[in-house]
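Beneath this line is the structure, given in C-alpha cells, with notes to follow.
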Amino acid sequence: MIQNLSNSLLTWYKQNGRDLPWRTKGGAHSNAYAVWISEIMLQQTTVATVLTYFDKWMKRFPTVRDLAKADLQDVLLTWQGMGYYTRARKIHECAKVLMEKHDGKIPNNRDELLKLPGIGPYSSSSICCFAFNIPETVVDGNVMRVIARLYGITDEITAKDIYPLAEKLTDQTHGADYASAIMDLGAIICTPTNPKCAQCPWQKFCMAYKKKIQESIPKIKKLKKKNITGLVYLYQNAKGEYLIRQRTEKGLLHGLWEFPWHEDSLLPGKHPTITHVFTHFKLTLQVIYEKPSFHVPNAVWIKQANFGQYPFSTLMNKVIRKIK
C-alpha cells in the first residue's frame, strides 16, 4: 500500500504540482541558499505572500556572502511586511556563521544544519529534502491535513502526532519530489474546505473520503491566545514630524522602529484602534493624538514621507494607515 501511495502521488505531482522558484521537479534545487531563505520565509507565512518577498530578497541579497556583509537595518527593511522579525535577524546571523565556518555553503547534513542560528528540526529537514534530495519527513499544515484524512483521524492532533505516520509514507528515493508532492496535494486538492476528492490520487485509500467526514478533519490542537490592550501615541511637532523610537530590548521586534506605546487599559471615547494577532497573544491598541506621558528613549523626529526609510513592524504599519 505504501509504495502504491508514493507512486500515485509522484505521478500526480509530475503533472499537477506547483511551479515555485525555490524548488525543482525531478530532484534537488540547484541553489541551496534559495531553498534555505524560502523555508524560513514560509514559516508563519503563505506561499502567495512569500513569492513577492522572495523575489525582492534574492535580488537584494543574491548570495550568502551578500547577506552576511549587509547591514542589519537593510535586512530588516527588506523583510518588512513579513512579520516575525526574529526570523530575519536569525537569517542575517546565520549567513555570518556560514561564511565563517562553511565558506558560505549550506551544509547537506541535518545535524550540521541544526547547529546554525534560526534552523530547527523542520527547517533542517526541509533543506535536506529540497536542496539535496535527502528523504526527510516534512510535516506542515498541509501534510497534517492530508495524513489525518488519509487515516480518518478524528481526535485532536499536533504535528508530533502525525509525524510517525508521515514518516512511514516518505519515499526513500525521491526525497524532494515526494515532500513537494504531499504539500501540494494539501494545497491544491486536499484543501481545508471543499476538497477536490474526485481529483485526488489517494481517493481510494482515504478513510475520511470513505466515511464522508473530510470536512470535519483535521482537528488541530490550538493554544488559547491572551488578549492585551495598550495605547500608541502619534505625536507631531511644529515641523509636521512624527516621534518614533527604535526597540533595543530583546524580543520579536528588536531593532525595528515604532511609535511610542505601552500596555494599558483602553480609554473611553472614540479613539481609532488597531488589532494585531501574534503567535501567543492578541494586541489591541488605541491611537492617541497627544504627547505621551512617559519618557521616550532612542527617539527621533521624522517626516511621514520618510517612513519608508525605517523598518517598521506589520503592527506599526497598521498604525501608519490610521494617520489622518
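The values are calculated or read from the model by the stated rules, or taken from the named source; none is laboratory data. On a predicted model such as this, the values are computed, not experimentally measured, just so you know. Here the Cβ positions follow ideal geometry from the backbone for every residue, glycine too, while neighbour counts run over all protein chains shown. Side chains are part of the model used for accessible areas, which takes the heavy atoms of the whole protein and leaves out ligands, DNA and RNA. Shrake-Rupley method; radii C 1.70, N 1.55, O 1.52, S 1.80 Å.
Observations
- Hits in the range 31-56 - residues which are surrounded by fewer than 14 Cβ atoms within 10 Å (Cβ to Cβ) and modelled with pLDDT of 95 or more: Asp55, Lys56
- Helices (runs of 4 or more DSSP H) within the range 1-60 that include 3 or more residues small (Gly, Ala, Ser): 32-41
- Answer from Ile37, Ile119, Ile127, Ile106 - the residue that is among the hydrophobic types (A, V, I, L, M, F, W, C), under 30 Å from Gly186 (Cα atoms) and over 19 Å from the mean Cα position of the chain (by Cα): Ile106
Conditions (1) open to solvent by 50 Å² or more (accessible area, probe 1.4 Å); (2) in a helix (DSSP H, G or I); (3) modelled with pLDDT of 95 or more; (4) within 30 Å of Thr63 (Cα to Cα), marked per residue:
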position	(1), (2), (3), (4)
Cys94	no, yes, yes, yes
Lys105	yes, no, yes, yes
Ile127	no, yes, yes, yes
Phe130	no, yes, yes, yes
Arg149	no, yes, yes, no
Ile153	no, no, yes, no
Pro164	yes, yes, yes, no
Ala176	no, yes, yes, yes
Ala179	no, yes, yes, yes
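Matching residues to (1) touching a Gly at 6+ places or on another chain (Cβ under 9 Å); (2) farther than 30 Å from Leu165 by Cα:
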site	(1), (2)
Asn4	no, no
Gln15	no, no
Trp22	no, no
Ser38	no, no
Asp55	no, yes
Asp74	no, yes
Gly81	no, yes
Cys94	yes, yes
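- Restricting Ile220, Ile189, Ile182 to those that are within 21 Å of Thr46 (Cα to Cα) and touching a Pro at 6+ places or on another chain (Cβ under 7 Å) reduces the list to Ile189.
- Screening Lys160 against (1) of a type in the set (Lys, Arg); (2) under 27 Å from the mean Cα position of the chain (by Cα); (3) modelled with pLDDT of 95 or more leaves a single unmet condition, (3).
- Condition met for Val300 (over 30 Å from Phe130 (Cβ atoms) and either assigned to a loop (DSSP other than H, G, I, E, B) or open to solvent by less than 30 Å² (accessible area, probe 1.4 Å) (or both)): no
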